[in-house]
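A.B. asks: Could you have a look at this structure, given as structure tokens, before my questions?
Nothing in this text is a laboratory measurement; each read-out follows from the coordinates by a stated rule. Keep in mind it's a predicted model, so treat the numbers as computed, not measured. A quick note on method: Cβ atoms are made from the backbone with ideal geometry, for glycine too, and the neighbour counts reach across all protein chains shown.
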Amino acid sequence: MPIIVNADLEQAHIFDFTAENKELANVNMANTQEFTEYVFSKLGNLAGIGRYNENRTIYTRSPLFAGRTIHLGIDIFMPTGTPVCAPLDGKIHSFQNNAHFGDYGPTIILEHKGFYTLYGHLSTDSLHELQEGQTILAGQQIGKIGNTEENGNWPPHVHFQIITDMLGRKGDYPGVASIQEREKYLKLCPDPNTILRIRKLLKANQ
């Protein structure tokens with residue numbers, strides 16, 4: 001049964017989107033095509049992973065973030081059209097197309113027992129025929145990875161995030177926090193690897 005995507009994430013390339021990665025100085029992050037070419041030049045036939053709780057420099061590409069740099073989910077980079085599946089039983093909490101430069105684009109939020117999961121940067125047709133309250137089974141496809149024109153102008157990937165309290169929101173939730181609110185949002189958004197269980201990622205974070 002696939003966990004989010006049908007790929008061996010133990011073999012995935014783990015990205016460094018912090019200031020420690022000097023390669024990023026040579027990439028124009030505001031240019032989606034150039035950013036995408038950089039990401040996929042690292043992958044070959046592998047998936048890519050963007051880390052949780054990473055203090056990223058890449059968010060300067062969009063004024064949407066306004067000083068927010070702490071990533072609250074895990075990104076899985078794979079080609080456009082890759083199926084995205086639910087890792088657990090749940091139901092559709094809400095969905096929305098957050099169609100701004102640098103935003104999530106099409107987004108689905110599932111409700112589970114006591115928490116929620118968010119899937120961002122999907123294809124537009126992922127939102128077709130959805131209904132709030134609709135039952136979703138573990139392993140069921142809920143959408144596809146969107147292209148750069150529809151996914152908020154990002155390299156194709158799915159942003160996966162755990163949320164303990166929706167704070168009254170629907171179809172959207174902060175995926176990036178400021179350093180000042182880091183601890184608050186890390187409590188609201190625990191490490192998604194508690195579900196994904198990528199051993200390689202655990203070792204990289206030690």
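A.B. asks: Across 10 Å bins from 0, what is the distribution of all Cα-Cα pair distances for the chain, in whole percents?
C.D. replies: Per 10 Å bin, starting at 0, the Cα pair percentages come out as 9, 38, 40, 12, 1.
A.B. asks: Additional query: Quick one: which of 125-134, 171-180 comes out on top by average Cβ neighbours within 10 Å, and what's the full order, highest first?
C.D. replies: Descending mean neighbour count gives 171-180, 125-134.
A.B. asks: Here's another thing I want to ask about it. Pop a pseudo-label 7 angstrom from the Cα along the beta-carbon direction at both residue 128 and residue 179 and give the gap in nm to one decimal.
C.D. replies: Between residue 128 and residue 179, the simple spin-label model gives 4.5 nm.
A.B. asks: For the chain, what is the mean residue ellipticity at 222 nm derived from helices alone (per DSSP H run of n ≥ 4: -39500 (n - 2.57); sum divided by total residues; nearest 500 deg cm²/dmol)?
C.D. replies: After summing the helix terms and dividing by residue count, I get -3000 deg cm²/dmol.
A.B. asks: Between helix 32-41 and the chain, what is the angle of the helix's C-alpha long axis to the longest principal axis, kept within 0 to 90° and rounded to the nearest 10?
C.D. replies: 90
A.B. asks: If amide hydrogens are placed 1.01 Å from N in the peptide plane, which non-local residues have theirs closer than 5 Å to the one on residue 138?
C.D. replies: The answer is 89, 90.
A.B. asks: If contacts are Cα pairs under 8 angstrom and at least 6 residues apart, what is the relative contact order of the range 129-198 in percent?
C.D. replies: 26 percent.
A.B. asks: Determine the percent antiparallel among the DSSP beta bridges restricted to the chain, to the nearest 5.
C.D. replies: Approximately 95 percent, going by the DSSP bridge assignments.
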